[in-house]
Amino acid sequence: MNNSLANSVRPLWAGLRALFVLTVVCGVLYPLAVTGAAQGLMPGRANGSEITANGEVVGSEHIGQRYELPLKKGQETPAPDLRWFQPRPSNGLGTNSVNTRYSLLVSGATNRSGDNKELIDWVTAAKAAAVKDNSVPGHPVSPTEVPADAVTSSGSGLDPDISPAYARLQVRRVAERNHLDTARVAELVERHTDGRILGFAGEPRVNVLRLNIALKQLVNAAAGR
C-alpha cells in the first residue's frame, strides 16, 4: 500500500516541480529578459512608437487616426475635417462607440471580394468624396487622379500612412482651408515622404500624423503664434 502511494505521489511531485520551474523560467525570467532587452536596445518601439508634440503623446507611429468634425444631429458618420490631411478609409471588422479617435473596434480587413456590392459602394462613395473634397476653385480633381489608397482601407484598417500621390492630391485643399501658400504645403509633404525601406522594400509613404503635426506648426507660425 505504501509503495502504491509513493508511486502515485512521485510523478505528482515531479509534475509540480516542473510546473514551478517552467512558471519561473517562462512566466518571470523570460518576459523580464525580453522586456529588458527591448527597453535597452529599442525603447521607442518597445513603448509603442509614441509620437509627441509639445511634450505630449499624441499617438503612435504605427496606428492611424481620424481627423473629423464633431458628429452633428442626424448624422450617422462625422464629416472629415478638411483642414487636415486625411488618412485612408478605415472600413474593417467592427465599429467602436467608445474610442472617438477611430471607428474600428478590432484591427482587420473588410474581407470583401472585389465584386462585392458593399465594397463597390464604399469605393465609389470614397472616390466621389475625394474628388469633391479636394477640388478647389480653378483646380478641379479628376476621378482618374484619385489613387487607390484614397478609396480602400488597408489589411489592418489602421494604416497610419498614405501614398505620396494621395498626400499631394490634398495639398491645394489643405492650403486653401488653412490660408497657406500651396508651395509651402507641397514642400511639407515632400519633407515628410519616406522612401522604400532599405531602398527597395515597400513603397514610398507619408505618415499622416507626423504630417499633420508639422502642418499645425506651420499654421501657428503663419498666424504669428
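The values are calculated or read from the model by the stated rules, or taken from the named source; none is laboratory data. Worth saying up front: this structure is predicted, and the values here are computed from it rather than measured. Neighbour counts run over all protein chains shown; Cβ positions are idealised from the backbone, glycine included.
For S60, the conditions (1) at pLDDT 80 or above; (2) in the same structural domain as A165 (by TED's automatic domain parsing); (3) of a type in the set (S, T, Y) are fulfilled apart from (2).
Looking only at residues in region 191-209 that are aliphatic (A, V, I, L, M) and outside any strand (DSSP E or B), the one that is farthest from Q170 (Cα to Cα) is L198.
Let's see how each residue does on (1) surrounded by fewer than 17 Cβ atoms within 10 Å (Cβ to Cβ); (2) closer than 17 Å to Q65 by Cβ; (3) in contact with a Pro (Cβ under 6 Å, 6 or more places away or on another chain):
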| position | (1), (2), (3) |
| --- | --- |
| P137 | yes, no, no |
| P140 | yes, no, no |
| A148 | yes, no, no |
| S154 | no, yes, no |
| S163 | no, no, yes |
| Q170 | no, yes, no |
| V174 | no, yes, no |
| L180 | no, no, no |
| A183 | yes, no, no |
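Test A186 against the stated conditions and say whether it is in contact (Cβ under 8 Å) with a residue 12 or more places away in the chain and either assigned to a helix (DSSP H, G or I) or over 18 Å from E61 (Cα atoms) (or both). Yes: the conditions hold for A186. For the list (1) at pLDDT below 95; (2) closer than 21 Å to I51 by Cα; (3) touching a Lys or Arg at 6+ places or on another chain (Cβ under 9 Å); (4) aliphatic (A, V, I, L, M), I need the number of the one condition that V189 fails. Of the numbered conditions (1) at pLDDT below 95; (2) closer than 21 Å to I51 by Cα; (3) touching a Lys or Arg at 6+ places or on another chain (Cβ under 9 Å); (4) aliphatic (A, V, I, L, M), the odd one out for V189 is (1). Could you list all residues from region 109-126 that are modelled with pLDDT of 90 or more and of a type in the set (D, E, K, R)? Across region 109-126, the qualifying residues are K117, D121.
One line per residue, one yes/no per condition, for (1) touching a residue at least 24 places away in the same chain (Cβ under 8 Å); (2) among the aliphatic types (A, V, I, L, M):
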{"residue": "A165", "(1), (2)": "no, yes"}
{"residue": "L169", "(1), (2)": "yes, yes"}
{"residue": "L180", "(1), (2)": "yes, yes"}
{"residue": "R205", "(1), (2)": "yes, no"}
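When V57, V24 are checked against the criterion of being within 26 Å of N207 (Cβ to Cβ) and either of a type in the set (V, I, T) or not in a helix (DSSP H, G or I) (or both), V57 stands alone in meeting it. For region 127-148, indicate whether the set of residues that are at pLDDT 90 or above, in a helix (DSSP H, G or I), closer than 21 Å to N207 by Cα and touching a Ser or Thr at 6+ places or on another chain (Cβ under 6 Å) is non-empty. Within region 127-148 (the criterion being at pLDDT 90 or above, in a helix (DSSP H, G or I), closer than 21 Å to N207 by Cα and touching a Ser or Thr at 6+ places or on another chain (Cβ under 6 Å)), the answer is no, since none of the residues qualifies. Against the condition under 20 Å from S90 (Cβ atoms), touching a strand residue (DSSP E or B) at 6+ places or on another chain (Cβ under 9 Å) and assigned to a helix (DSSP H, G or I), how does A167 come out, does it pass? Judged against the criteria, A167 is a match. Quick one: would you say N212 is part of a helix (DSSP H, G or I), at pLDDT 95 or above and under 20 Å from A53 (Cβ atoms)? In short, yes. Within region 31-60, residues that are surrounded by 11 or more Cβ atoms within 10 Å (Cβ to Cβ) sit with their Cβ atoms under 7 Å from residues that are of a type in the set (S, T, N, Q) and outside any strand (DSSP E or B), at 6+ positions apart or across chains, in these pairs: A46/Q39; G59/Q65; S60/S49.
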